[in-house]
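Novice: Can you keep this structure in mind? I'll have questions shortly.
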Amino acid sequence: MKRILTGDRTTGHLHLGHYVGSLSQRVALQDDYEEFILLADVQALTTHFNNPELINDSIYQVAIDNLAAGLDPEKVTFVQQSMIPAIAELTIFYSMIVTVNQLSHNPTIKTEAKNYGYKELTYGFLGYPVSQTADITFCNADLVPVGEDQIPHIELSRKIVRKFNDLYGTTITEPEYKLSAVSRLPGLDGNAKMGKSLGNAVYLSDSQEVLAGKIRNAVTDTNRISVKIPGNPDVCTVYTYHKAFNSEECDNVSSMCRNASIGCVACKKLLAEKMNSIFDPIRERRHYYEEHKDEVRDIIKSGTAKANEIGNRNIAEIKEKMHVVI
Ligand code: TRP
C-alpha cells in the first residue's frame, strides 16, 4: 500500500474549509492507503509560540475532529509532531540546502503573514515549509492530500528532496499532492478563504443551531437587494456552499436563484438543513470521543510510537549516507 501523510496545525478546532479541503478526502482514502495524520504542534508554535497551553488542548481537539470526520483509528496512524525526533533532525539537514529566497517567495507564506499582520517573520514561520518537508518525508510518504494553499509547499518539498537525494545518494520519496474536488471554501464573509484567524469559519464542532445561525448571516450576491430581483449564484458565497455540500440540488438552486423563484432566506435554510444532516453523524462521533479522552490519548501515543520506529530507522540510514556517523 502506498503511504499518505497529511496533517493539521493544532491551534484550535478544525473548520469546514479543512473538511472539504482535506478531511473528507482522508476519510475516502483510508481503505486504499496507509495513512498518517500529523498533529502539527510544532508548526502550531510558528504562529502561537506565546500560547502553548492552547496548542496542548488543541492536539486533542484536532485528533477528535479527524476521528469525528470518520477516520478509523484501527486503520489510520495519528502522530504528534513534536515527539518525532527524526522530523526535527531532517528539518535541520534540509535547512542547509533550501534558500531564503525560495522561502520568502512562497505565496502561501506571504498571504498568511498578511492575514496575521506580521511585519517581520520569525525564522520558524518563514521556514515552516522546510519542517513540513521533514513531516512528509520522515516516513517516505508518497502522497499528500491537501487544499490548494498547500501546493507551493509540496512543490518546494519535491525540490528539497530531489536536491538532497542528488547530494547524498539517499532515496527519500519525492511526495506528490492530491487536490480535493473542492479545494477551497470561501469564508462566511465572502473572503476567498475560510480561516480561523479570519473569524469567518463554521467549525465541525458547531452545534446545529450555531451552524444555521452562521449560514443565515452569510454573505450572498450583494446586488440582490430584494427577493423579487434575480440573483447571480456565480458571485454568491452561499451558492459555493451548496456546490460543496448539496451537489444533488445545486443546479436546481442555481436556476431558482436566477429566476427569482427562491429568496436568500429560503435558500440558506435549505442549505443549513442539508449541512446539518451531513454533520450530525460527525457531531455524534465527536461526542463519543469527548467522553473518552483516554482513548484519544492512547490512539495518539501508540500512533506516535509506531511512527518513531519508522522515523528512527530512516534517519539512521540517512545519516549513514551523509557520512555524519563516525
Ligand atoms: N500546513 C498544514 C496546514 O496548515 C499542516 C501540516 C503540517 C501539513 N505538516 C503537514 C499538511 C504535512 C500536510 C503534510 O494545514
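The values are calculated or read from the model by the stated rules, or taken from the named source; none is laboratory data. Since this is a predicted model, take the numbers as computed values, not measurements. Every residue, glycine as well, gets a Cβ built from its backbone with ideal geometry; the counts of neighbours run over all protein chains shown. Each accessible area value is taken on the protein alone, full model and side chains, heavy atoms only, with ligands, DNA and RNA left out. Shrake-Rupley method; radii C 1.70, N 1.55, O 1.52, S 1.80 Å.
Novice: Just checking: which of the helices (runs of 4 or more DSSP H) contained wholly in region 195-262 hold 1 or more residues that are within 15 Å of Gly17 (Cα to Cα) and open to solvent by 70 Å² or more (accessible area, probe 1.4 Å)? Don't jump to the end; show me each part of the working.
Specialist: On the way: elements: 208-216, 237-245, 250-258.
Where helices (runs of 4 or more DSSP H) fall fully within region 195-262 and carry at least 1 residues being within 15 Å of Gly17 (Cα to Cα) and open to solvent by 70 Å² or more (accessible area, probe 1.4 Å), they are 237-245.
Novice: Does Glu249 satisfy being modelled with pLDDT of 95 or more and in contact with a Leu (Cβ under 9 Å, 6 or more places away or on another chain)?
Specialist: Details: modelled with pLDDT of 95 or more: yes; in contact with a Leu (Cβ under 9 Å, 6 or more places away or on another chain): yes.
In short, yes.
Novice: Which residues, counting only those in region 14-34, are touching a Ser or Thr at 6+ places or on another chain (Cβ under 7 Å) and of a type outside the set (Gly, Ala, Ser)?
Specialist: Val20, Gln25, Arg26
Novice: Going through Leu121, Leu71, Leu126 one at a time, which residue ends up being under 26 Å from Tyr203 (Cβ atoms), within 16 Å of the ligand (Cβ to nearest atom), in contact with a helix residue (DSSP H, G or I) (Cβ under 9 Å, 6 or more places away or on another chain) and aliphatic (A, V, I, L, M)?
Specialist: Checking each option against the conditions leaves just Leu71.
Novice: Could you name every one of the helices (runs of 4 or more DSSP H) located completely within region 1-101 that has at least 2 residues being hydrophobic (A, V, I, L, M, F, W, C) and open to solvent by less than 20 Å² (accessible area, probe 1.4 Å)?
Specialist: Values: elements: 24-29, 41-48, 52-69, 85-95.
Fully inside region 1-101 and qualifying: 52-69, 85-95.
Novice: For the subset of region 287-326 comprising residues that are open to solvent by 90 Å² or more (accessible area, probe 1.4 Å) and not in a helix (DSSP H, G or I), which member is farthest from Thr77 (Cα to Cα)?
Specialist: Per the stated criteria, the residue is Ile326.
Novice: Taking the condition of a type in the set (Ser, Thr, Tyr) and touching a Pro at 6+ places or on another chain (Cβ under 9 Å), does Tyr239 pass? Write out each step before concluding.
Specialist: Numbers: of a type in the set (Ser, Thr, Tyr): yes; touching a Pro at 6+ places or on another chain (Cβ under 9 Å): yes.
The answer is yes for Tyr239.
Novice: Within region 24-38, is even one residue of a type in the set (Val, Ile, Thr) and either on the phi > 0 side of the Ramachandran plot or near the ligand (Cβ under 9 Å from one of its atoms) (or both)? Please lay out each step first, then the result.
Specialist: From region 24-38, those of a type in the set (Val, Ile, Thr) are 27, 37; that's our starting set.
This time we only want the ones that are either on the phi > 0 side of the Ramachandran plot or near the ligand (Cβ under 9 Å from one of its atoms) (or both), so: none.
Taking every residue of region 24-38 in turn, none turns out to be of a type in the set (Val, Ile, Thr) and either on the phi > 0 side of the Ramachandran plot or near the ligand (Cβ under 9 Å from one of its atoms) (or both).
Novice: Separate question: Identify the residue in region 135-150 that is open to solvent by 30 Å² or more (accessible area, probe 1.4 Å) and modelled with pLDDT under 95 and, among all such residues, is nearest to the ligand (Cβ to nearest atom).
Specialist: Step one: list which residues in region 135-150 are open to solvent by 30 Å² or more (accessible area, probe 1.4 Å), which gives 140, 142, 148-150.
The next check asks that each one be modelled with pLDDT under 95; those that pass are 148-150.
Working: Glu148: 11, Asp149: 8, Gln150: 6 Å.
In this case the residue turns out to be Gln150.
Novice: Give Lys319, Lys293 a once-over and let me know the one that is out of contact with any Phe, Trp or Tyr (no Cβ under 7 Å at 6 or more places or on another chain) and on the phi < 0 side of the Ramachandran plot.
Specialist: Details: Lys293 fails: out of contact with any Phe, Trp or Tyr (no Cβ under 7 Å at 6 or more places or on another chain).
When all the criteria are applied, what remains is Lys319.
Novice: Please enumerate the residues belonging to region 151-171 that are among the aliphatic types (A, V, I, L, M) and either outside the structural domain of Val79 (by TED's automatic domain parsing) or within 10 Å of the ligand (Cβ to nearest atom) (or both). Working first, answer last.
Specialist: Just the residues of region 151-171 that are among the aliphatic types (A, V, I, L, M), to begin with: 151, 154, 156, 160-161, 167.
Result: Ile154, single match.
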